[in-house]
Amino acid sequence: MSLTQSQRKFLRGRGHDLKPIVFVGGAGLTGPVLAELDGALEHHELIKVRVRVGDRERRDTLFEELLDESKSTLLQRTGNVALLYRQAEKPKLILPKTR
């Protein structure tokens, strides 16, 4: 999904106080982790994900795989935590109008 700059800013503001609800550890992106991620995005639309692995290169790779598998949009990333958005079939968040 393509988001405008104002929509991204709006979503980052909404996500500021969120706590990570999906955690990826040393085992990487397993089936249950992907299922939990999919369910969380469908229910909340806007979530934070924490990836805890040994090195930066592996962490960056996991974030890329996570975005590909979940079909979500990366709004912001700070270290081990990423803010992701994917519009649900029945949207709960009302985004600002695009220009």
Only unsatisfied item for LYS97, checking (1) surrounded by fewer than 16 Cβ atoms within 10 Å (Cβ to Cβ); (2) touching a Lys or Arg at 6+ places or on another chain (Cβ under 6 Å); (3) not small (Gly, Ala, Ser), is (2)
Within the stretch 8-30, the count of residues that are modelled with pLDDT under 95 and farther than 17 Å from ALA82 by Cβ comes to 3
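Restricting the search to the stretch 28-44, which residues are of a type in the set (A, V, I, L, M) and in a helix (DSSP H, G or I)? Explain how you work it out, then say what you get.
Initial filter on the stretch 28-44 (of a type in the set (A, V, I, L, M)): 29, 33-35, 37, 40-41.
Scanning the stretch 28-44 gives VAL33, LEU34, ALA35, LEU37, ALA40, LEU41.
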crowded, with 16+ Cβ neighbours inside 10 Å and closer than 18 Å to PHE10 by Cα, is that true of LEU75?
yes
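This table checks each residue for (1) touching a residue at least 60 places away in the same chain (Cβ under 8 Å); (2) more than 12 Å from the chain's Cα centre (by Cα).
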{"position": "LEU29", "(1), (2)": "no, yes"}
{"position": "ALA35", "(1), (2)": "no, yes"}
{"position": "ASP55", "(1), (2)": "no, yes"}
{"position": "THR61", "(1), (2)": "no, yes"}
{"position": "LEU66", "(1), (2)": "no, no"}
{"position": "LEU75", "(1), (2)": "yes, no"}
{"position": "ARG86", "(1), (2)": "yes, no"}
{"position": "PRO91", "(1), (2)": "no, yes"}
Those residues of the stretch 37-54 that are closer than 14 Å to LEU67 by Cα and surrounded by fewer than 17 Cβ atoms within 10 Å (Cβ to Cβ) come to a total of 2
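So, in the stretch 1-15, exactly how many residues are surrounded by fewer than 10 Cβ atoms within 10 Å (Cβ to Cβ) and either in contact (Cβ under 8 Å) with a residue 60 or more places away in the chain or in a loop (DSSP other than H, G, I, E, B) (or both)?
Looking only at the stretch 1-15, we keep the residues that are surrounded by fewer than 10 Cβ atoms within 10 Å (Cβ to Cβ), and these are 2, 5, 13.
Those still in the list that are either in contact (Cβ under 8 Å) with a residue 60 or more places away in the chain or in a loop (DSSP other than H, G, I, E, B) (or both) too: 2.
Matching residues across the stretch 1-15 total 1.
Could you check the stretch 16-27 and list, in sequence order, the residues that are in a strand (DSSP E or B) and either within 24 Å of PRO96 (Cα to Cα) or without any contact (Cβ under 8 Å) to a residue 40 or more places away in the chain (or both)? Give the steps one after another, and end with the answer.
To start, the set of residues in the stretch 16-27 that are in a strand (DSSP E or B) comprises 22-24.
Residues satisfying the conditions are VAL22, PHE23.
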Considering only strands (runs of 3 or more DSSP E) wholly within the stretch 45-99, the ones with at least 1 residues that are of a type in the set (Lys, Arg), touching a helix residue (DSSP H, G or I) at 6+ places or on another chain (Cβ under 8 Å) and modelled with pLDDT of 95 or more are 46-51, 73-78
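The values are calculated or read from the model by the stated rules, or taken from the named source; none is laboratory data. This structure is a prediction, so every number in the text was calculated from the model and none was measured. Methodologically, a virtual Cβ is constructed for each residue, glycine included, from the backbone with ideal geometry; neighbour enumeration extends over all protein chains shown.
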